[in-house]
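The structure appears right after this line, and notes come after that.
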Amino acid sequence: MAKIVLDDVRKKYGTVDAIKGVSLDITDGELVVLVGPSGCGKSTLLRMIAGLESITGGKISIGNRVVNDLEPSERDIAMVFQNYALYPHMTVRENLAYGLKNRNTPKEEIDRRIADAAKALEIGPFLERKPRQLSGGQRQRVAMGRAIVREPAAYLFDEPLSNLDAKLRVQMRVEIKRLQRSLATTSVYVTHDQMEAMTLADRLVVLNGGRIEQVGTPIELYERPATTFVATFIGSPSMNLLAMSAAAGGQWALSHTISLPPDVATLGIRPEDLHLATGAVDDAFRMDVKVAAVELVGAESYVHGTLSDGAPIVFRVAGRSRIAIDEVVPIGAKAPSLHFFDNQGARLM
Ligand SMILES: Nc1ncnc2c1ncn2[C@@H]1O[C@H](COP(=O)(O)OP(=O)(O)OP(=O)(O)O)[C@@H](O)[C@H]1O
Ligand SMILES: [Mg+2]
């Protein structure tokens, strides 16, 4: 077990600045999830921790060792990729045992670790099969098993579930969380999946263009995003952002009881914090929305509409919405759910 410390880590590919100075302390046993748009540097950062990519500047420590110049095999980490890269000519058992045999682990120890991993991941029945005789989800679990049997100081995951169907993803997500809790092994996990990020992470790191935009618990990032970038990146559907200049045009109104911070340029409201405002009087925010589309997503519906100046807005209603297309409906929000940003996109208050 080990903490991982990144100190002003940088990566240049030729003239491309892929990582522009990232500093992050990952505590022992913590699961940190990296999120951010495609190309923001998530895989690069993970591969630098693993030692698969050289670093252009800064320092990486695992445990109490600076690992900048250590080979991947000397770093005591296990990595799980999206394309699980199992050895096709070996059985599942041989795939799991391979790394351990190379380290001269005693046979009884190998058998014990394989039995433990097989039980946790429910791959016991496939141990004597070759990878091609398995489904995608089963292969993914074997890849996970190969990392687990190593009992490394840290796990690195790069979108390990992205090839799985929705049901299996949920199942594996719960399983990873349970395993990580019981093994208490420091982990860095990259995903595109909001639910995966929110539910797995002890802390979330939002990357944007090779820099850290914000670090915090999922709930901190959701409730107090530091920037409009984080505000729109965390949460689905995205937070609505409204230009303050539109208020002057009568597009929407804030209660006079709200004391606006100076320099406020943008108002943010999450779709789930908006409600149909038929009668409610203590709303801090009011607007009329012309409905363009309604999406029913099971227990709730998302209503997509526009303000009279054409600005898009999304709000949630519980259950099946009865709202008709082209109808104009009043919606509102309470004061605590309002977010204010300046013209640089930085949070105010
Ligand atoms: N070997 C390479 N040579 C040159 N540029 C690279 C190389 N690998 C990555 N890059 C660039 O570095 C940046 C970060 O890439 P990276 O793969 O880390 O992104 P990512 O956040 O993992 O994206 P995705 O979500 O699409 O997987 C991108 O602009 C990419 O084009
Ligand atoms: Mg990537």
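The values are calculated or read from the model by the stated rules, or taken from the named source; none is laboratory data. All values reported here derive from a predicted model rather than from experimental measurement. Cβ atoms come from the backbone with ideal geometry, glycine included; neighbour counts cover every protein chain shown.
Does Thr56 count as in the same structural domain as Met172 (by TED's automatic domain parsing) and at pLDDT 95 or above? Don't jump to the end; show me each part of the working.
On the way: in the same structural domain as Met172 (by TED's automatic domain parsing): yes; at pLDDT 95 or above: yes.
For Thr56, the condition - in the same structural domain as Met172 (by TED's automatic domain parsing) and at pLDDT 95 or above - is met.
Evaluate the following for Asp326: is it out of contact with any helix residue (DSSP H, G or I) (no Cβ under 7 Å at 6 or more places or on another chain), buried (at least 18 other Cβ atoms within 10 Å of the Cβ) and outside any strand (DSSP E or B)? Reasoning before the result, please.
On the way: out of contact with any helix residue (DSSP H, G or I) (no Cβ under 7 Å at 6 or more places or on another chain): yes; buried (at least 18 other Cβ atoms within 10 Å of the Cβ): no; outside any strand (DSSP E or B): yes.
Spelling it out, it is not the case that Asp326 is out of contact with any helix residue (DSSP H, G or I) (no Cβ under 7 Å at 6 or more places or on another chain), buried (at least 18 other Cβ atoms within 10 Å of the Cβ) and outside any strand (DSSP E or B).
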Wholly within the stretch 12-113, which strands (runs of 3 or more DSSP E) include no fewer than the required count, namely at least 1 residues that are within 14 Å of ligand 1 (Cβ to nearest atom) and surrounded by 17 or more Cβ atoms within 10 Å (Cβ to Cβ)?
-> 16-26, 31-35, 77-80
Gly298 vs. criteria farther than 23 Å from Arg224 by Cα and either free of Cβ contacts under 8 Å to residues at least 12 places away in the same chain or aromatic (Phe, Trp, Tyr) (or both) = yes
Taking only pairs six or more apart or across chains, which ones have beta-carbon atoms under 7 Å, a first residue in the stretch 154-165 that is within 14 Å of ligand 2 (Cβ to nearest atom), and a second residue that is of a type in the set (Lys, Arg)?
-> Leu161/Arg169; Leu161/Arg173
All conditions in (1) in contact with a helix residue (DSSP H, G or I) (Cβ under 7 Å, 6 or more places away or on another chain); (2) assigned to a strand (DSSP E or B); (3) loosely packed, with under 13 Cβ neighbours inside 10 Å are true of Arg316 except (3)
Enumerate the pairs (first residue in the stretch 176-192 and assigned by TED's automatic domain parsing to the domain that holds Ile77 and basic (Lys, Arg); second residue anywhere and more than 16 Å from ligand 1 (Cβ to nearest atom) and not in a loop (DSSP other than H, G, I, E, B)) with beta-carbon separation below 9 Å, excluding pairs fewer than 6 apart on the same chain, so at least 6 apart or on different chains.
-> Lys177/Leu31; Lys177/Thr199; Lys177/Leu200; Arg178/Ala120; Arg181/Leu31
Would you check if there is a residue in the stretch 162-178 being under 25 Å from Asp28 (Cβ atoms), away from ligand 1 (no atom under 16 Å from the Cβ), assigned to a loop (DSSP other than H, G, I, E, B) and within 22 Å of the chain's Cα centre (by Cα)?
-> no
For the stretch 1-11, enumerate the residues that are away from ligand 1 (no atom under 11 Å from the Cβ) and either in contact with a Cys (Cβ under 6 Å, 6 or more places away or on another chain) or in a strand (DSSP E or B) (or both).
-> Ile4, Val5, Leu6, Asp7, Asp8, Val9, Arg10
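Does Met48 satisfy the criteria of being within 16 Å of ligand 2 (Cβ to nearest atom) and in contact with a Phe, Trp or Tyr (Cβ under 8 Å, 6 or more places away or on another chain)?
Answer is no for this residue.
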Hey, among the residues in the stretch 178-195 that are surrounded by 20 or more Cβ atoms within 10 Å (Cβ to Cβ) and within 14 Å of ligand 2 (Cβ to nearest atom), which one's nearest to Ala50 (Cα to Cα)?
-> Val188
Only one of (1) touching a Ser or Thr at 6+ places or on another chain (Cβ under 8 Å); (2) at pLDDT below 95 is not met by Arg181, so which one is it?
-> (1)
Kindly indicate whether Arg10 is in contact with a Lys or Arg (Cβ under 7 Å, 6 or more places away or on another chain) and among the basic types (Lys, Arg).
-> yes
Might you let me know whether the stretch 139-157 holds any residue that is outside any loop (DSSP other than H, G, I, E, B) and within 16 Å of ligand 1 (Cβ to nearest atom)?
-> yes
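Can Glu122 be described as closer than 27 Å to Gly63 by Cβ and not polar (S, T, N, Q)?
Values: closer than 27 Å to Gly63 by Cβ: no; not polar (S, T, N, Q): yes.
No: the conditions fail for Glu122.
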Qualifying residue in the stretch 61-75 (condition: modelled with pLDDT of 95 or more and within 21 Å of Val35 (Cβ to Cβ)) | no
